[in-house]
1. For residue 48, only one of the following conditions fails: (1) in a helix (DSSP H, G or I); (2) in contact (Cβ under 8 Å) with a residue 24 or more places away in the chain; (3) more than 23 Å from residue 91 (Cβ to Cβ). What is its number?
2. Just to check your reading of the model, which residue among 28, 77 is farther than 12 Å from residue 7 by Cα and touching a residue at least 24 places away in the same chain (Cβ under 8 Å)?
3. Run residue 90 past the list (1) closer than 17 Å to residue 2 by Cα; (2) modelled with pLDDT of 95 or more; (3) surrounded by 13 or more Cβ atoms within 10 Å (Cβ to Cβ) and report the number of the one that doesn't hold.
4. Sort out which residues of segment 62-96 are assigned to a helix (DSSP H, G or I) and either under 18 Å from residue 43 (Cα atoms) or under 9 Å from the mean Cα position of the chain (by Cα) (or both), and write them in order of number.
5. Tell me yes or no: at least one residue of segment 2-20 is loosely packed, with under 15 Cβ neighbours inside 10 Å and modelled with pLDDT of 95 or more.
């Protein structure tokens with residue numbers, strides 16, 4: 001399974017930069033590591049450093065054109081959108097694998 005996280009702009013993806021840690025970003029970082037440990041291909045993309053990832057996925061690109069940057073984060077599984085505007089949990093990702 002290939003999972004791509006199309007993140008909104010942030011100072012770092014770990015969630016531990018700045019004065020107060022972002023628990024959601026920490027959770028997502030742990031989720032990414034678990035998925036990689038299970039043998040899945042997982043990538044995280046930010047517009048400022050990986051613009052081509054956003055434009056090369058037709059579903060992501062069209063969603064952003066229609067709904068704007070506020071739709072981020074978008075998470076795709078095997079190219080199709082799983083969630084937008086939030087990060088999924090492990091159960092949602094595993095349910096995708098089973099279907």
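The values are calculated or read from the model by the stated rules, or taken from the named source; none is laboratory data. Here the structure is a predicted model, which means the values were calculated and not measured. Don't worry about glycine lacking a Cβ; one is built from the backbone with ideal geometry, like all the others, and counts go over all protein chains shown.
1. Among (1) in a helix (DSSP H, G or I); (2) in contact (Cβ under 8 Å) with a residue 24 or more places away in the chain; (3) more than 23 Å from residue 91 (Cβ to Cβ), the lone unmet condition for residue 48 is (1).
2. On the way: 28 fails: farther than 12 Å from residue 7 by Cα.
Going through 28, 77 in turn, the sole match is 77.
3. (2)
4. Just the residues of segment 62-96 that are assigned to a helix (DSSP H, G or I), to begin with: 62-67, 69-71, 90-96.
Residues satisfying the conditions are 90, 92, 93, 94, 96.
5. In the first step, residues of segment 2-20 are kept if they are loosely packed, with under 15 Cβ neighbours inside 10 Å; the result is 2, 8-9, 11-12, 14, 16-20.
So of that shortlist, the ones also modelled with pLDDT of 95 or more come out as 2.
Among the residues of segment 2-20, at least one is loosely packed, with under 15 Cβ neighbours inside 10 Å and modelled with pLDDT of 95 or more, which makes the answer yes.
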